[in-house]
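Presented below is the structure to which this report refers.
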Ligand code: NAD
């Protein structure tokens, strides 16, 4: 794959040091910054392949003003049906250009090409799902006093701000932008500086689909500059933030300055609880996949497995077998997993592994990247166990392919361990006992619980979000449309 192929990077607004330069996208125009551009590095080879404009308060001001003008202009005048049609057209364009877009995403994030293709299909699905829903969100009529007609109408929030992470740049775009546009908001996106060029490619497709200027705006740049300026901006009406709990707190504090509502999708330390009566082969396959997909850089990664003592050894041997067979490679190798995003994350994950070893936690399996991958940001997928709940690998989010196995004797103990971290995003339960399935689904504190499966099918339709330190508010499914809109109660006295 060539880094400088203009056919591959058509949205780039120009060249810088011989590589594509991506500019901000404001009111359907490509906008430059005076600040030096940021270098975008391909994680599989640790080589620069593009540059990103580095925005701050000035560009955020301009983007928020463009969004406000769109609400008062052509975008605000569209009917819900017309908005939906634009979204369906966008969805079709993503599918038409899937292969090119998937290669860009794979290059930018390092993920295997098949996973990048699946991400593009997910983006198309987000726009199909929410585009189809745009004109099916109804208000309400409330029976009230004689002589009164009361209706509750659903309205856009206004200018919505979106701050997204680098692990799934494309999917995050679909997840947060599609419901916002469906409800008639005008969006300003600040994607992650580590990987986001796909968002600018999507911006070009939005123009091609016919979105009027200002409906979608993208300002790239550093979190503490562009992200901070967006979250504290007086002109926004809502913030959707996906990222780390620490930055989530900063964003919520900034939004509180203007009493702006916030949806926070933060990290996780998601457990899969495996009972002795489960289909152990199926569970072992899913447990391995749930922590190695996207090299473990998934907020809902199944980073813990909580196993009944009677089957701990044979079950973990099955998991270990699957880890030993993992293929690690560059995007074009289409392996099971690729590198992690950058050197900082690589060193952070390696430190977790080294410290757990130092603490004497047994290593049950470890797959090694081949020597010819040494240049990229690869890490060895590793299984530790049994791990005490207080050890960092069992209670902190690593955001890498590291699985902590924990052991339980009773159902109550399994639930206590599953609930025993500060997070509560997703959980899995593996048992054939129907009553136990119901008990665990009720008692596990988590935004989603999967029974005899995990993260099934991507789940555009399924409400998603956290409890505890994993955040609050819901995205995905029809609930996202409620989060990204508000109601107005109209009381009409007609005598
Ligand atoms: P991060 O919090 O460092 O960055 C996320 C975004 O916030 C980026 O766009 C960044 O530029 C921006 N940002 C940084 N500082 C900011 C500031 N002061 N003000 C405003 N914005 C700022 O997270 P990350 O390292 O990109 O992503 C990894 C984390 O995201 C993990 O903790 C992971 O679990 C979480 N995550 C959660 C979900 C979810 O849906 N729950 C999904 C993906 C990732």
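Tabulated values for the structure
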{"read-out": "Residue in the range 254-264 that is modelled with pLDDT of 95 or more, surrounded by 19 or more Cβ atoms within 10 Å (Cβ to Cβ) and in a loop (DSSP other than H, G, I, E, B) present", "value": "yes"}
{"read-out": "Selection within the range 222-232 - more than 8 Å from the ligand (Cβ to nearest atom) and touching a strand residue (DSSP E or B) at 6+ places or on another chain (Cβ under 7 Å)", "value": "none"}
{"read-out": "Residue that is farthest from the chain's Cα centre (by Cα) [pool: residues in the range 224-246 that are surrounded by fewer than 20 Cβ atoms within 10 Å (Cβ to Cβ) and part of a helix (DSSP H, G or I)]", "value": "225"}
{"read-out": "Which listed residue, of 51, 25, 90, 9, is over 23 Å from residue 228 (Cα atoms) and not in a helix (DSSP H, G or I)", "value": "9"}
{"read-out": "Residue, modelled with the lowest pLDDT, within the range 23-50, restricted to residues that are within 13 Å of residue 107 (Cβ to Cβ) and touching a strand residue (DSSP E or B) at 6+ places or on another chain (Cβ under 6 Å)", "value": "49"}
{"read-out": "Extreme residue, nearest to the ligand (Cβ to nearest atom), among residues of the range 294-306 that are out of contact with any helix residue (DSSP H, G or I) (no Cβ under 7 Å at 6 or more places or on another chain) and part of a helix (DSSP H, G or I)", "value": "296"}
{"read-out": "Subset tally (residues that are within 22 Å of residue 342 (Cα to Cα) and buried (at least 24 other Cβ atoms within 10 Å of the Cβ)) for the range 152-168", "value": "5"}
{"read-out": "Number of the exception - residue 339 against (1) away from the ligand (no atom under 15 Å from the Cβ); (2) touching a residue at least 40 places away in the same chain (Cβ under 8 Å); (3) in contact with a helix residue (DSSP H, G or I) (Cβ under 6 Å, 6 or more places away or on another chain); (4) not in a helix (DSSP H, G or I)", "value": "(3)"}
{"read-out": "Qualifying residues in the range 137-161 (those that are assigned to a loop (DSSP other than H, G, I, E, B) and either within 23 Å of residue 24 (Cβ to Cβ) or without any contact (Cβ under 8 Å) to a residue 60 or more places away in the chain (or both)) - the one farthest from the ligand (Cβ to nearest atom)", "value": "146"}
{"read-out": "Whichever residue in the range 456-472 is surrounded by 19 or more Cβ atoms within 10 Å (Cβ to Cβ) and assigned to a loop (DSSP other than H, G, I, E, B) and, among such residues, is farthest from the ligand (Cβ to nearest atom)", "value": "460"}
{"read-out": "Members of the range 412-435 found to be part of a helix (DSSP H, G or I) and touching a helix residue (DSSP H, G or I) at 6+ places or on another chain (Cβ under 7 Å), listed by number", "value": "415"}
{"read-out": "Any pair with Cβ under 9 angstrom, 6 or more apart, that starts in the range 446-473 at a residue that is closer than 27 Å to residue 247 by Cβ and free of Cβ contacts under 8 Å to residues at least 24 places away in the same chain and ends at one that is part of a loop (DSSP other than H, G, I, E, B) and more than 12 Å from the ligand (Cβ to nearest atom)", "value": "459/477; 462/456; 462/477; 463/477; 463/478"}
{"read-out": "Residues (part of a loop (DSSP other than H, G, I, E, B), near the ligand (Cβ under 7 Å from one of its atoms) and in contact (Cβ under 8 Å) with a residue 60 or more places away in the chain) located in the range 162-192", "value": "164, 165, 166, 167, 168"}
{"read-out": "Residue within the range 307-321 that is part of a loop (DSSP other than H, G, I, E, B) and under 23 Å from residue 419 (Cα atoms) present", "value": "no"}
{"read-out": "Among the residues listed as 239, 219, the single one being within 19 Å of residue 156 (Cβ to Cβ), within 12 Å of the ligand (Cβ to nearest atom) and touching a residue at least 60 places away in the same chain (Cβ under 8 Å)", "value": "239"}
{"read-out": "Residue identified as modelled with pLDDT under 95 and at negative phi among 18, 56, 73, 13", "value": "13"}
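The values are calculated or read from the model by the stated rules, or taken from the named source; none is laboratory data. Because the structure is predicted, anything quoted here is derived from the model rather than measured. With ideal geometry, Cβ positions are generated from the backbone for all residues, glycine too; neighbour counts draw on all protein chains shown.
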